[in-house]
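The values are calculated or read from the model by the stated rules, or taken from the named source; none is laboratory data. Here the structure is a predicted model, which means the values were calculated and not measured. Methodologically, a virtual Cβ is constructed for each residue, glycine included, from the backbone with ideal geometry; neighbour enumeration extends over all protein chains shown.
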Amino acid sequence: MIYICEKLQITYPIIQGGMGNISNAQLAAAVSEAGGLGTIGCGTMSPEEVENIILETKALTNKNFAINIAISVTPFTDELIDLVIKHKVPIISLSAGNPAPYIPLLHEHGVIVIALVASVKHAQKAEAAGADILVAEGFEAAGINSNLELTTFTLIPQIVKHVKIPVLAAGGIGDGKGLAAALMLGASGVQIGTRLIATKEAPFHDVYKENLLKASDTETLIVGRSVGRLRRILKTPYAMRLYELDRAGMTLNQYSELTSEKQHLKGALEGDIENGFMNSGQIAGLIEDIPTVKELIDEMVEEAENRMIKSAKEFKRILEL
């Protein structure tokens, strides 16, 4: 945990997940200013769009932030890596593809490489390729998900056991209890996404935030099983229609069109629950307020500390019986 903070030059071992095309400078800067690591997700945005967000983020904070590139999602991987180097962004996270071809160039320019993985095999390959840090994401996570369907609670200790580099836990984490649990499983910190949607700085539609506040423990669903492209989203009228179409069977082209960034933007930014969807992890059922990012991160750290101290004392008493 200390290594992660020193390596990334952050105060707390909490990083923001990439949010694709709804990424913005306001939220990324707020996370970094609060002591975590803000992240700009490139999604399918053009290099010009991403560059504008990089410059805006730099204008809002002088602290470290990261760029997330989903390799198999964007057609601009090489151009985006050039932007990271050009603007001296110190940290990059690579997901949805093989990071190996890009790591030597990034290391040559002093860029720290975080690789997103969803299995022990993927973790070992990323480590062998030279990744500095891993984010191990469980099936509870929002958005595009692994077909392996491994949960965070089972995934983290297995990956930690089989690699030597630090591992951050992602998927189903949004409070201090989750942070404490991840640390106890052997993780060096956490990556959070859905919980950051329901913060004051997050410039997403109020309908998105309200749906998260109202969400129960069963308020997300998985679509894409019929085409082998899993995505976890909030239950909305659009999501339910998509779910039924998926159950009936659809082509990959149909699914891709119905889950395009256009539909994502309609839901997340326009609040149109009839014609767009909203990504959400299973942590939605625990969201009850809309704090500032700083309030959220401070509360997570304090709660994690209190939980671990309390648990250690209780366990000690059990051993003394």
From the list Glu274, Glu257, Glu288, Glu270, exactly one residue is of a type in the set (Asp, Glu) and assigned to a helix (DSSP H, G or I). Which is it? Glu257
Would you be able to say whether some residue in the range 299-319 is in contact (Cβ under 8 Å) with a residue 40 or more places away in the chain, of a type outside the set (S, T, N, Q) and not in a helix (DSSP H, G or I)? no
For the condition of a type in the set (A, V, I, L, M, F, W, C), within 27 Å of Lys86 (Cα to Cα), buried (at least 16 other Cβ atoms within 10 Å of the Cβ) and in contact (Cβ under 8 Å) with a residue 12 or more places away in the chain, what is the one hit in Leu196, Leu116, Leu155? Leu116
Of all the residues that make up the range 1-34, how many are under 15 Å from Leu168 (Cβ atoms), not aromatic (Phe, Trp, Tyr) and not in a helix (DSSP H, G or I)? 8
Identify, please: which residue in the range 31-56 is more than 23 Å from His264 (Cα to Cα) and crowded, with 20+ Cβ neighbours inside 10 Å and is, among those, farthest from the chain's Cα centre (by Cα)? Ala34
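Conditions tested, residue by residue: (1) within 24 Å of Ala268 (Cβ to Cβ); (2) touching a strand residue (DSSP E or B) at 6+ places or on another chain (Cβ under 9 Å); (3) of a type in the set (Asp, Glu); (4) at pLDDT 95 or above.
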{"position": "Pro104", "(1), (2), (3), (4)": "no, no, no, yes"}
{"position": "Ala115", "(1), (2), (3), (4)": "no, yes, no, yes"}
{"position": "Val135", "(1), (2), (3), (4)": "yes, yes, no, yes"}
{"position": "Leu185", "(1), (2), (3), (4)": "no, yes, no, yes"}
{"position": "Ile197", "(1), (2), (3), (4)": "yes, yes, no, yes"}
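To keep it simple, each residue is scored yes or no on (1) under 17 Å from the mean Cα position of the chain (by Cα); (2) outside the structural domain of Gly36 (by TED's automatic domain parsing); (3) under 24 Å from Gly36 (Cα atoms).
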| site | (1), (2), (3) |
| --- | --- |
| Gly267 | no, yes, no |
| Ile273 | no, yes, no |
| Gly276 | no, yes, no |
| Asp289 | no, yes, yes |
| Val293 | yes, yes, yes |
| Ile297 | yes, yes, yes |
